[in-house]
1. Using only alpha carbons, build the gyration tensor for region 1-140 and give me the equivalent ellipsoid semi-axes, biggest first, whole Å.
2. Quickly rank 70-80, 37-47 as a protection proxy: mean count of other C-beta atoms within 10 Å, highest first.
3. Picking from A34, H152, P45, whose Cα lies most toward the positive end of the charge dipole for the chain (charges on Cβ: Lys, Arg +1; Asp, Glu -1)?
4. Can you give me the relative contact order of the chain as a percent, contacts being Cα pairs under 8 Å and 6 or more apart?
5. What percentages make up the Cα-Cα pair-distance distribution of region 275-342 when the bins are 5 Å wide from 0?
6. Quick check: from the Cα gyration tensor, does region 46-115 come out rounded (a/c under 1.5), prolate or oblate?
7. Bins of 5 Å, beginning at zero and ending with the bin holding the largest distance: percent of Cα pairs per bin for region 183-326, please.
8. Ordered by packing density, taken as the mean number of other Cβ atoms within 10 Å over each peptide's residues, highest first, how do 216-224, 85-93 rank?
Amino acid sequence: MLSEQPRRIGYVLKMYPRFSETFIVSEILAREAAGEEIVIFSLRPPTDARFHPELARVQAPVIPIGRSSSPRRLWETWREAMADPQIADGLASSLEEMVAVEADEAEQSITVARLAREHGVTHLHAHFASMATTVARLAGRLAGVPYSFTAHAKDIFHRDVRDEDLARKLRDAHHAITISRYNLDHLRERFGDAAVERLHLVRNGLELGRFPYLPRPEIRTVPRILAVGRLVEKKGFVHLIDAVAALREAGIAVSAEIVGDGPLQETLTERIETHGLEESVQLLGPRTQEEVRTLLQEADLFAAPFVIAEDGNADGLPTVLLEAMASGIPCVAADVTAVAEVVRSGETGWLIRSDDTAALATALRDAIAAGPARRRLTDAARALIEAEYASDGQATRLRDLVEVADRPVARDRAIAPVLAAAPTPRS
């Protein structure tokens, strides 16, 4: 039975806004467009110097959740919250779990619980099954509000993820979401059918109207390759630089532009200089969504040479790859986690082995030589994105999951036993 109380979803996010997490902004915009009321709780202040213009369209109020390292402040927060009988009852029944987490997580959980009740929040939702979900889960227990979360990639595959913690979050959630079939199968194999009975596949959504389809019947004499992402190991940009060098040695001239910033900027710059590619490979730095859309319309090929990092971190299914496929740019991507669910060689693009520079160079060469056949693949790529990644459909599925089968808030369940170690993501 559905509650008569108006739905108001409280988004618990580690940091909002965050320049690299455009999928969260798209999701909130889609849910607001579908008529849902949203409140955003940001657990950390934003650190990005640039913001996407789409943020101005978000109607949800953003409430910063402060934290302090002062034990005195924690107790003050705790004492103030005890004035609310609901939260006082929640604190009493959750005492063991509250003292088991970090002090700032406990303090922020209490604050989110109090603010959720003040703002009439009926459901809490977190992105990433790490700290944000820890706070959402505890805040939900204190406020008597169900919670859900979306698991992406680092929060599943990174070596620091504790199985018992993730299993508990899956078990206690009203529902959980993950963004790919690969993740869904992986979590079922890792935790068993019972632990994931309320885990659902809801793919990241795109506002398709913002990504017009522009097929490339012709490409430049010197093809222009675009790559976008944080300059971190899992993006595999070092392989793109090496592939450009290999193509040049084979007598095939190309240029490449890499958008993004990150800790590997100096390393990638040195790689470019080592190959003498200063005129062929450019590191463009961060760009807004609008600027990336323009680059997607102008480039000839899109390269996504993902790898699995040494710490186990791997991309789930980066939004920019979906945006590229929607935009009609031929895509070459490496097969990590869920990439093969969208990029299929001979159907929607060129899928290569991960961590394989030679395969990347060959695929780029083949994409350049494909001629008019590229259109068949980009048509199919656009059709796939329209069918499975439209944000309005995503908003409907998210709303339906909240409204289906109201469940009591779990407070007294035993902590799950330590489960088997996670399998390594396939490459």
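The values are calculated or read from the model by the stated rules, or taken from the named source; none is laboratory data. Note that this is a predicted model, so its numbers are computed, not measured. Cβ placement follows ideal geometry from the backbone for every residue including glycine, while neighbour counts extend to all protein chains displayed. With ligands, DNA and RNA removed, areas are computed over all heavy atoms of the protein, side chains included. Shrake-Rupley method; radii C 1.70, N 1.55, O 1.52, S 1.80 Å.
1. Over the Cα atoms of region 1-140, the ellipsoid semi-axes are 26, 19, 12 Å.
2. Working: 70-80: 13.1, 37-47: 17.8.
Peptide ranking by packing, descending: 37-47, 70-80.
3. Toward the positive end, the furthest listed residue is A34.
4. Values: 827 pairs, mean separation 77.0, N = 427.
Once normalised by length, the contact order is 18 percent.
5. 3, 14, 23, 21, 20, 14, 5, 0
6. Values: a/c = 2.81, a/b = 1.95, b/c = 1.44.
It comes out prolate by the Cα gyration axes.
7. For region 183-326, the pair-distance distribution reads 2, 8, 16, 18, 17, 14, 10, 7, 4, 2, 1, 0.
8. Values: 216-224: 13.3, 85-93: 16.3.
Answer by packing, highest mean first, reads 85-93, 216-224.
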